[in-house]
Ligand code: FAD
Ligand code: NAP
């Protein structure tokens with residue numbers, strides 16, 4: 001495995017932020033991941049793991065080792081009439097895995113089609129879209145302890161999955177390197193089509209099955225979401241805030257147009273609505289801005305670095321807090 005010194009990271013993040021690493025390497029196997037851990041440990045350098053860089057804000061200089069996780073492969077652990085259990089290497093592209101499962105008749109992941117990134121990064125924020133989260137399919141996550149290099153297996157319960165969250169995102173962020181994930185896909189389940197945008201797209205389709213759901217999700221996403229290859233972005237920059245009933249009632253009385261959904265005894269607010277109402281949709285200054293149709297998507301229009309982007313994010317957060325008393329949390333991992 002090669003350790004490239006003084007490497008540019010611009011091509012390694014979908015925001016195309018200007019960033020450099022002291023060393024950059026690509027791990028093509030689990031053994032390579034172990035080698036990277038040893039390299040960083042021996043040189044006493046910080047370590048940053050990357051999949052496709054579609055959910056990160058990279059600093060202008062990372063004075064350590066950046067390791068791109070690219071290990072490939074899969075192992076079929078169980079195939080019965082009831083379920084499929086499959087173990088997939090962390091470096092496999094997520095969407096390719098979704099398409100592969102669909103092709104083989106292993107259904108359930110169709111709602112999560114076209115999400116950028118790798119299988120290994122998917123548990124980090126419990127990726128979700130169109131009413132489905134991966135936590136319902138994850139059986140085990142295989143990790144290497146970054147300090148000892150020891151392999152550890154985490155059960156679904158160990159992962160602490162929540163809305164766009166897991167233990168990997170905070171408590172274990174600096175401790176674990178995910179090398180593979182095992183998914184359990186129950187067979188013969190009806191597709192999940194309750195999400196309003198998906199239901200609307202499937203209108204006129206009498207009995208939508210997995211083929212129709214996959215095609216509909218791909219159509220909506222292609223139509224609505226800016227392609228990072230053409231307009232560098234990291235998807236939603238802010239999470240939908242979830243607040244308690246008491247502050248919710250106060251806010252709703254003041255803002256009758258508030259967009260929200262009941263969520264496990266609390267209330268999930270539409271972050272996009274808050275940002276839009278605060279006047280940011282379509283805003284652009286220098287080389288950063290807020291997408292004109294997707295208020296949650298911050299865009300790098302040129303050669304911005306993290307400071308410029310985070311300054312804009314901070315201004316948005318401050319104005320939403322001042323106007324609605326709601327704190328927005330940044331979704332991508334900021335380094
Ligand atoms: P990266 O951005 O490379 O990394 C993200 C975090 O995971 C970092 O902290 C990194 O250190 C860590 N990490 C990566 N790999 C590993 C590993 N093997 N072991 C340990 N840590 C690791 N997200 C959704 O939930 N739903 C969506 O619908 C969605 N749509 C998106 C649409 C667009 C256009 C874009 C740009 C992003 C979207 N995202 C969405 C966000 C993003 O695609 C996901 O979070 C994805 O899982 C990130 O994968 P990645 O490989 O790019 O991770
Ligand atoms: P959309 O369908 O117009 O929805 C916008 C927001 O409203 C989403 O954040 C979604 O929450 C919420 N929402 C809509 N209907 C809901 C319902 N019935 N119950 C609960 N929440 C509801 O927006 P979109 O931007 O095109 O996104 C479509 C899907 O892709 C969403 O699930 C979104 O999360 C996902 N996506 C995520 C990212 C990312 O980077 N995280 C980027 C693009 C798209 P949820 O986010 O909880 O679904």
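No lab work stands behind these numbers, since they all come straight from the coordinates. Predicted, not measured: the structure shown is a model, and the values here were computed from it. For neighbour counting, all protein chains shown are included, and Cβ atoms are generated from backbone atoms with ideal geometry for every residue, glycine included.
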How far is the Cα center of region 119-180 from the Cα center of region 317-331, in Å?
-> 28
Length released on extending from residue 43 to residue 10, taking residue separation times 0.36 nm less the Cα-Cα span = 9.5 nm
Which value, in Å³ per residue, describes the convex hull spanned by the Cα atoms of region 149-202?
-> 138
Okay, which of region 225-267 sit inside 18 Å, backbone N to the point 7 Å along the Cα-Cβ direction of residue 205?
-> 225
In nm, to one decimal, how far is the residue 222 label point from the residue 192 one, both placed 7 Å along Cα→Cβ?
-> 2.4
Taking Cα atoms only, Rg over Rh for region 1-52 with Rh from the Kirkwood formula is 0.96
Which order do peptides 85-98, 200-213 fall in by mean Cβ count within 10 Å, highest first?
-> 85-98, 200-213
Length-normalised contact order for region 79-204 - Cα pairs under 8 Å, 6+ apart - percent | 33
Of every Cα-Cα pair in the chain, the percentage lying beyond 37 Å is 19
Reported to two decimal places, what Rg/Rh ratio describes region 52-95 when computed on Cα atoms with Rh from the Kirkwood expression?
-> 1.20
Added length on full extension, which subtracts the Cα-Cα distance from 0.36 nm per residue, residue 80 to residue 104 | 7.3 nm
Which log10 I(q)/I(0) values, to two decimals, does region 6-101 give at q = 0.16 Å⁻¹ under the Debye formula with one point per Cα?
-> -0.72
Highest GNM mean-square fluctuation, the chain, Cα pairs closer than 10 Å: which of 322, 177, 246?
-> 246
Averaging sequence separations of C-alpha pairs under 8 Å and six or more residues apart, then dividing by the length of the chain, give the relative contact order as a whole percent.
-> 16
Using the number of other C-beta atoms within 10 angstrom as an exposure proxy, rank 42, 31 with the fewest first.
-> 42, 31
CD proxy at 222 nm, helix term only [per DSSP H run n ≥ 4: -39500 (n - 2.57); per residue of the chain; nearest 500] = -7500 deg cm²/dmol
Would you mind telling me which residue in 218, 127, 77 has the biggest mean-square fluctuation in a Gaussian network model of the chain, where springs connect alpha carbons within a distance under 10 angstrom?
-> 77
Most exposed first, judged by fewest Cβ atoms within 10 angstrom, 281, 2 run 2, 281
